[in-house]
Structure formats: C-alpha cells, structure tokens
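Chemist: Following this message is one structure expressed as structure tokens.
The values are calculated or read from the model by the stated rules, or taken from the named source; none is laboratory data. Note that the structure is predicted; figures quoted are calculated from it, not measured. A quick note on method: Cβ atoms are made from the backbone with ideal geometry, for glycine too, and the neighbour counts reach across all protein chains shown. Heavy atoms of the whole protein, side chains included, go into the accessibility calculation; ligands, DNA and RNA do not. Shrake-Rupley method; radii C 1.70, N 1.55, O 1.52, S 1.80 Å.
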Amino acid sequence: MILRRILILFSLLVAMPAVAQDVDPIVTATQALDQAATEFKAVDTAFNQPTDSTQRAALQDRATAVKTATTAQVAVLTAQESLIDARVVQLGPTTPGVVEAPDIRAQRKLLAQQRSTVDSAIKRGKLLGVEADQLAAEIGASQANAFSEKMSQRVGSPLSGDFWAPVAQMLPRDLKRTGLFLTIEFDALRHGAATGGVLPALLGLLAALVLCWPVRQALRKFGQRYVIERVPGNRVRRSGLALWLVAVGTLLPGLAALALLAGLRTGHMVAPAWAGLAAAFQKAAFIAAFVSALGGALLQRRQPSWRLIGILDTTATALRPWTFAAAGIAFVGLLANAFVGSVGASGPASALADSILSIVQIALVFGILVTGARLRAAATKDLDEDDEADRTSAAFVSLGAWAMLAVSLIALLTGYVSLALFLSRFVVWIAIVFGATYLGVVAIDDICSSLFARDGRMADAFHHGFGVRRSLIDQFGVALSAVLRLILIALALGFLFTPFGSDVGTLFDQLGRVSQGVTVGQITIAPGAILRACAVLALGLFVVRAIQRWLTNRYLPATELDAGARNSIAMVARYAGLILAVLWALASLGIGIERIALLLSALSVGIGFGLQAITQNFVSGLILLAERPVKIGDWVKIGDQEGDVKRISVRATEIQIADRSTLIVPNSELITKSIVNKTMADPLGRIQLQFSVPLGTDVGQVKDMLNTMFDEAPAVLGDPAPVIFIDSIADGRVNLNMFAYVSSPRSVYPTRSEILFKLLQRMPEAGIELGTTPQQVQWIGATPMGAQGIIDDGEKA
C-alpha cells in the first residue's frame, strides 16, 4: 500500500509540469500575431508624424522586429497545420451512405474548425509580414530622401554677406540660448558640489586618468610581452599585437570617459538637459580613441619590425601626427554637432558651425595629401618594379582624394555647406574603414594560417585523435580565412556607406533578409539552415569515418574473411554511410526525400546521357564489391598488362604492374570485358626445372641432391610434394624434368632463383656436369611480376 501511494505521488509530480505546460501553440501564436499587428499599427502611426533620423532608425528597427516575429509565428502555425492534416488523413475520407460514429463526426468537425483557424492565421501573418517589410523599406527610403534633401540645401557663400547677415541677426538669440544652456550646467555643478558630489566627481576623474595612462601603458607592455613569449610565428605576432593595441587604445580612453561621466552623474553634476551632450561625449571618446589607436597600430612609428604595412620609417613618422589630428577633429566635430543640437541653435548658427568644421576637415585632408605627395616624391629614386606598381595605385587613390577635396571646397564656397562637410568627412571615413579592414583581413589570415597549420597543435590533435589528414586541416584554414575575409569586406562596404544614411547602402537590409531565408520554389534556405546542414554533414562524415575505421581495424580483422571481402564490406559501409549523411544534411536543410526523388527523376535524362560512363563505372564497382570476381590481392591480366589488385573503389580499380606503377582500370572494363584472374581458383605456383646430365651419371644421387635442395627451400610446399622425372635419353644425355610447388605465384621466381643458385654450386662440386637443356617455368594461376622476361630468355637459350 505504501509503495502504491509513493508511485501515485510520483506520477502526480511528473504529470504536474506537463499539465502546467499544456498550452495550445495555436492560441499562443495567434496572440503573438495580434500583438505584432498592434505594434505594426503603432509604428505606422508614429511614422506618419514628423520624425528625425534617430527616430526613423528606431521605427525601422521596430518594423523589422514585427517582420521577424510574424515569420516565426507563421512557421509555428504551419507546423500545426501539418499536424492537423496528418490527423485528418488518419480519420480517412467520409464514405457515402455510411453513418459515422458521433465521436468521429465530432473529431472531424473539430479538426476542420482548427484547420480553418490556423489557415486564416497563417494568411494574416504572411500579409502582416509583407506589410511590415514594406513599411521598413519605406522608412529606409525616407532616410535616404532626408539625406538627399540635407545635401541639396544651400545657404549663402561664406565669402558673401548673404551668409553672415543671418548669422549676425540671430547672434543675440543664439548667445542667449547658449548662456542659458551653460547656466543650467553651472547650476547642476554648484548643486552637486553643495550636496557632496565633489568626491564622486574626483574619483571619476582619478579613475579616468588612471585608465588613460598607467593602465593603458601597462596593458600595452603586457600584450607585447605576451605575443613575444607565448604566440608562435612572426606573422601572427605582428597582427595579434596590432589588434591588441587597437583594443587597448580604444577601450581604455572610452572607459575613462565613462568613468568620468559616471562620477559626475553620481555626484548629480550633469543636468538633464546635458544628457544628450554627455552621450555624444562618450561616443566621441570611443571614436577618437579608435582612430588614434588604429593609426598607431598600423604605423608602429617606434617599432618598425612590428609594422604590418610596407612603408618607410620616415613615412610612418610623418603620418603619425595626422592620425592624432584626425582623432582630435573627430572628437571636436561630434561634440560641436551635439552642442549645437542641444542648445537649439538657429539655422544660420548651425550653418556657421558646419562651415568651420568643413574648413577644418578640408585642411586636415589637404595636409595629409600634401604630406603623402612629398613622401612619394622623396622615395621616387629608390623604386623597383613592385614599388612602382604600389606607387601607381597610391597615385590613383591620391588623385581621387584630391578630386573629392576640390569638390568639397567648391561646395563650401558656393553655399552647399552640408555637402562640403560630408565630402571632407567622407574622405577621412574611407581611410579609417580601409585601415580597419586591412588590419582585420591581415589578422584573420595570420590567425587562421597559424591556428590550422599542418604542423601546429590543432593539426596534431585532429590528426592523432580523429585521423584527419594534415593537408585537409591546412586547406580548411585557408578556406576559413577566405570566408571570414569576404564577410569582413562585406561588412566594411556596409560601414563605408553609413554616412549616406542608414539605408542608402542596402547591404545590411539585404543581409537581414537573407538571414531570414531565401525561398526557391517551395524550399526556404536560410544561412542558419545552411550552417546547421554543414554541421550535420560534418558530424555524419565523422561518424561514417569512425565506423569505417572500427570495421577496418577492429571488427573485420577478427573475422575469417579474406582481405578482398573485408575491403568490400568496408567500402559498401562507407558509401552507404556517405549517402545517409548527405540525406541527413539535406533533411536538416529542409529538403525532404520526396523533393530529392523529384530532382533525381528530373535529372535522370541528363544522367543517362551526360554521365553515362560514370554511372556505368559506379554500378560496375558495386557489382565487383558484391560478386567479387576480382578482389584485392588477386593476380589479373588485362590485355598485355598484369599485376596485383591493390584497391577497388566504386569508380575504378587500381592494379600494380611489374614496373611498380599503378594501372587504373574503370570498373566497367572488368565487368564487360574478358580478364584473366590467375589466383581466383587456386593460388599455388609451380616451379619447373629442366636440365640434362651425361649418360652414366648416378641419377639417384642427382635425385637425392635435388630433393635436399627442395627441402632446404622454405617456400617449397610438402603437399603437393616436389616430383622429379626423367624426361628422355638422347644424344648421350639424360634429360631431367622436375616440379615443385609454392604457396603463391609471387613466390615462384625468387624460390626458383634460390634453387638454381644451389644447383649450379653443388652439382659441379659433386663432379656432375650440367647440360644446357632449355628450362622453363610454368604457372598455376599467375605469373610473378618481372618473371616473364627471364623465362623468355631461358627458352631462347
């Protein structure tokens, strides 16, 4: 009774989570679609209102999230619809004239209602997804249009009074707004100081200083010491150190800015009106630090041996100050834009700020180009052919930069201030993106090449642990490097076009859509599904390889099967496993067996004509492996070639011939044409010796000596035993003919040679004269490699 109660209690405990989790997925998906529809209406309503670029970007993200949510719920509902259809199939069609049981009719009615509900929800979800996608595209188009409008805005030229008159007119109002904005922050500072906020602010400032100087320097030295002592290979050391310097040089100043702002906020010294400017300060700190760190990592002014790019020390020294200038101008420019926006400056004041920033940016680009031209002119004398090609490429890049700089200057002078600022910034932005991409590409190639080197630790682990060839690991590293570099270049192109507006370069939108899947017919292929299929295929191939190794090394050697049978079983198991692994990978990709069958049927005509020979060899290989008319170890003769069968695959058979070369024979040749298998029925080899002795010689002594020689030869078999015959007596000589047997035709030639050596040594010692009666070797089943020529020579003699 106690045991029964315990079992009942255990059953209740097990059933409780199932009851708690028994939620109808159809209801859940329908509710999620209702929420997505509500969110879509909210995004559409907000987009109809005046919005700035930041708000439009947020709305576009929300629309994209609606699209993603509806796609997921449609997938859930589609799966439920398939389950309902399966249940309907189990009930079967209604039979006319037959009255079904009440419970069957009720079940059929319930399933029909559920399917109608699911079908309508699927259609509604697909329509909502299309509308959300269209709304996201519309928002992106509005971003591009807003960017175009901004670039086409024109004010008066800074050289004319039309530009300065509005500035002077709005100057009192702008000064008043600026003073009020500064007063707000001064009040916050005084209030924070009065309420004990000085200590947190000082602690934040101290933390910022510590992060910027001692911690950053210590981490730089630690990274350099680590790559020297622990990282193998010069290439990966240089790229690894460059990445470390960029990471440390970017994160530490950015974290210092965060620490400073955290101290001020803790001490209540940041006014709410200054929140936007504080956020811009954080962003500007990270960007400026990244520009400076990237320039330092690429130029390596003080450590030329660690430099990734092939430039002279004088070039690196001359260009390094310009990277500091670019970082400082980026920092000041971002803060200036945020300050103008936070103050609420007038249009003329904003145009003045943009004009000043444009002039500064133009001066920066002009200085960099002039420095580059001077350095190229100084290095012209010592150029070889490769340097000449690099110099030509640099000249084209410089020419493009000069052209953009000229257009920017003309735009500024003609009143297109926004366009001038954009172009001057875009030149610097291109240099930053190119430098970061170059560093990433080099680092990826170095890391992949070192990590998957054929003599590295990874190769040792996979080679000894899983039997993977070292060359395959090296090839995988090269392929992985290429894929990662292509992805990085694609991302760099997306970042390159971000200044045009968040969606003018539609690369990321296209990537987002591709990530959700590309539909081809009734099959939806997504990158995630492709990666899953690749992982499944790799796992399947690993399992197949492990099973084949177990069969070849452990199980089959324990059986009584010969080498040919073991090879046949291993090959059939391998190809069956490969087929199952491929089908498993296709199933994980969403391609069912029925679609594969349709594809194969559609390709049957092409396979029948274009791939007829390959198909014939494949089928012939399966026949060879199954019927085994030829097996590994057999001695076969095809045409005028004969040799050992070394390997049988599903396409061809490898035969090692007399000169140790390999003859590759298509399997169809072994099935459709006549071949001689000399070891198929009886693998024994027979040695035949013929010679003569003078008439009157003691033939009994000769017979005993020959039997002794046969007994001393380890390869000669006792069963069947050697036999010695007197063939004839002619011309005063006794002609002898004798036969001996060895276990394999391959042992005939060396054994015959051994016996002949003894015969030529012992017979003269016994005073017996040997005649030159022709001698020949006859074979039972096969002829050893290289023996035929010797035999022919003996027959001629």
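Chemist: I'd like the distance separating the alpha-carbon centroids of the stretch 33-76 and the stretch 127-189, in whole Å.
Modeler: 26
Chemist: Label points 7 Å out from Cα along the Cβ direction at Leu182 and Ala403: separation in nm?
Modeler: 4.5
Chemist: Tally up the carbon and sulfur contribution to the accessible surface of the stretch 305-373 as a whole percent, 1.4 Å probe, everything protein left in place.
Modeler: Answer for the stretch 305-373 is 78 percent, counting heavy atoms of protein chains only.
Chemist: Next question, about the same structure. With a probe of 1.4 Å, find how much accessible area the stretch 140-222 has per residue, and write the answer as a whole number in Å².
Modeler: Ligands and nucleic acids excluded, the figure is 66 Å² per residue.
Chemist: Cβ under 12 Å from Ala75's Cβ, Ala75 left aside: what net charge do those residues give with Lys, Arg +1 and Asp, Glu -1?
Modeler: Combined, the nearby Lys, Arg, Asp and Glu give 0.
Chemist: Next up: Around Ala247, under 12 Å between beta carbons, what's the net of Lys plus Arg minus Asp minus Glu among the other residues?
Modeler: +2
Chemist: What FRET efficiency comes out for Leu209 versus Ser305 if R0 is 45 angstrom and r is the Cβ-Cβ distance? Round to the nearest 0.05.
Modeler: Approximately 0.90, to the nearest 0.05.
Chemist: Here's another thing I want to ask about it. Take each of the peptides 460-471, 656-667, 416-427, 437-448, average the number of other beta-carbon atoms within 10 Å over its residues, and list them starting from the highest.
Modeler: 416-427, 437-448, 656-667, 460-471
Chemist: Near Lys673, within a Cβ-to-Cβ distance under 14 Å, what is the net charge of the other residues, with Lys and Arg +1 and Asp and Glu -1?
Modeler: Combined, the nearby Lys, Arg, Asp and Glu give -1.
Chemist: Find the accessible area per residue for the stretch 237-313; the probe is 1.4 Å, ligands and nucleic acids are left out, and the unit is Å².
Modeler: Ligands and nucleic acids excluded, the figure is 42 Å² per residue.
Chemist: Could you grab the Rg to Rh ratio for the stretch 610-721? Cα atoms only, Kirkwood for Rh.
Modeler: 1.23
Chemist: Which order do the peptides 293-304, 100-111 take when ranked by the mean count of other beta-carbon atoms within 10 Å per residue, highest first?
Modeler: 293-304, 100-111
Chemist: Compute the Cα gyration tensor for the stretch 263-370, then decide on rounded, prolate or oblate, letting a ≥ b ≥ c be the square roots of its eigenvalues: rounded whenever a/c is under 1.5, prolate when a/b is larger than b/c in the other cases, and oblate in all that remain.
Modeler: Judged from the Cα gyration tensor, the stretch 263-370 comes out oblate (a/c at least 1.5, b/c at or above a/b).
Chemist: Please label the shape of the stretch 286-436 as rounded, prolate or oblate, based on the square roots a ≥ b ≥ c of the eigenvalues of the alpha-carbon gyration tensor (a/c under 1.5 means rounded; beyond that, a/b larger than b/c means prolate, else oblate).
Modeler: Here the stretch 286-436 falls in the oblate category.
Chemist: Would the stretch 165-286 count as rounded, prolate or oblate if I go by the C-alpha gyration tensor, calling it rounded below 1.5 in a/c and otherwise prolate when a/b exceeds b/c, oblate otherwise?
Modeler: oblate
Chemist: Could you sort 72-84, 718-730 so that the peptide with the highest average Cβ count within 10 Å comes first and the rest follow in order?
Modeler: Highest-to-lowest ranking by the protection proxy: 72-84, 718-730.
Chemist: Loop-only check: which trypsin sites (Lys or Arg not before Pro) in the stretch 142-178 are DSSP coil with at most 15 other Cβ within 10 angstrom?
Modeler: Answer by residue number: Arg154.
Chemist: While we're looking at this one, here's another question. Roll a 1.4 angstrom probe over the protein heavy atoms and tell me the percent of accessible area of the stretch 38-86 that is carbon or sulfur.
Modeler: C and S fraction of accessible area: 59 percent.
Chemist: Please list the radius of gyration and Dmax for the stretch 94-201, considering alpha-carbon atoms only, with Å as the unit.
Modeler: In Å, with Rg to one decimal and Dmax whole: 34.5, 97.
Chemist: Could you give the dipole magnitude of the stretch 182-296 about its Cα centre, charging the beta-carbon of Lys and Arg +1 and that of Asp and Glu -1, in debye to the nearest 20?
Modeler: Its charge dipole is roughly 700 debye.
Chemist: Moving on to the next point. Would you give the gap between the C-alpha center of the stretch 722-775 and the C-alpha center of the stretch 243-309, rounded to a whole Å?
Modeler: Cα centroid of the stretch 722-775 versus Cα centroid of the stretch 243-309: 96 Å apart.
Chemist: Something else: Cross-link partners among lysines for Lys678, C-alpha distance below 16 Å, same-chain residues fewer than 8 apart left out?
Modeler: Reachable lysines: Lys631, Lys637, Lys646.
Chemist: When the accessible area of the stretch 622-707 is split by element with a 1.4 Å probe, what percent falls to carbon and sulfur?
Modeler: After summing per-atom areas, the C and S share lands at 51 percent.
Chemist: Which of the chymotrypsin sites (Phe, Trp or Tyr not before Pro) found in the stretch 278-362 are in a DSSP loop and have at most 13 neighbouring Cβ atoms, other than their own, within 10 Å?
Modeler: Within the stretch 278-362, no chymotrypsin sites (Phe, Trp or Tyr not before Pro) qualify (loop, at most 13 other Cβ atoms within 10 Å).
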